[in-house]
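Q: Have a look at this one.
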Amino acid sequence: MAITLTNAAAARVKDFLANRGKGEGLRLGVRTSGCSGMAYVIEFADTIDPEDTVFEDNGVKLIVDAKSMVYLDGTEVDFAKEGLNEGFQFKNPNAKDSCGCGESFNV
C-alpha cells in the first residue's frame, strides 16, 4: 500500500505549506461526485487522526482516511502546468474510467 508524489508535486506542496506557515501535510481523499461517481479531494491537514494512514514521500506527509485508502492505493500524484492551467493530476491504477472533463472517476 502506497501513495507517492512526483518531485514536481512535492515541490508544490512544500511551497504551499511554507507560505501557509503551518500544517502536517496534505490530506488526500475521495468523495461521491461527478458523472463517473468519485472525485478527488485535496486539502491541508493540520492534524492526523488515529485512523488515518500516513505516507511520506519526497519530504511531504500524505494523509489518507481509511475509506479513501481503498480507492487511492497505488496512486501517484503529479503537478503539471499546461498553458494557463496548472494543478495536481492523479495517476490512479484503481480507476477504471473517468468522465470527459476529468473531474471524476469510477472503480
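Q: Hey, can you tell me all the residues within region 16-35 that are part of a helix (DSSP H, G or I) and of a type outside the set (F, W, Y)?
A: To start, the set of residues in region 16-35 that are part of a helix (DSSP H, G or I) comprises 16-20.
Within region 16-35, L17, A18, N19, R20 qualify.
Q: Tally up the residues in region 36-78 that are more than 11 Å from the chain's Cα centre (by Cα), hydrophobic (A, V, I, L, M, F, W, C) and assigned to a strand (DSSP E or B), please.
A: Total satisfying the criteria: 5.
Q: Looking at region 43-53, which of its residues are surrounded by 14 or more Cβ atoms within 10 Å (Cβ to Cβ) and closer than 11 Å to E24 by Cβ?
A: The answer is F44, A45, I48, D52.
Q: Report, by residue number, each residue of region 17-32 that is closer than 22 Å to A80 by Cβ, surrounded by 14 or more Cβ atoms within 10 Å (Cβ to Cβ) and over 12 Å from the mean Cα position of the chain (by Cα).
A: Residue satisfying the conditions is L17 alone.
Q: If only one of V30, V41, V54 is farther than 24 Å from K96 by Cβ and either without any contact (Cβ under 8 Å) to a residue 60 or more places away in the chain or hydroxyl-bearing (S, T, Y) (or both), which one is it?
A: That would be V54, the only listed residue that is farther than 24 Å from K96 by Cβ and either without any contact (Cβ under 8 Å) to a residue 60 or more places away in the chain or hydroxyl-bearing (S, T, Y) (or both).
Q: What pairs come up if the first residue lies in region 73-96 and is without any contact (Cβ under 8 Å) to a residue 60 or more places away in the chain, the second is among the charged types (D, E, K, R) and part of a strand (DSSP E or B), and their beta carbons are under 7 Å apart, counting only those six or more places apart or on different chains?
A: Close Cβ pairs (under 7 Å, with a partner that is among the charged types (D, E, K, R) and part of a strand (DSSP E or B)) amount to Q89/D78; K91/E76; K91/D78.
Q: Between residues in region 1-14 that are buried (at least 20 other Cβ atoms within 10 Å of the Cβ) and residues that are in a helix (DSSP H, G or I) and not small (G, A, S), which pairs lie under 6 Å by C-beta distance while being six or more apart or on different chains?
A: Pairs found: I3/L72.
We did not get these values from a lab; they are worked out from the coordinates using the rules stated. Values in this document were obtained by computation on a predicted structure and should not be read as measured data. Neighbour counts are summed over all protein chains in view; Cβ atoms, including those assigned to glycine, are modelled from backbone coordinates with ideal geometry.
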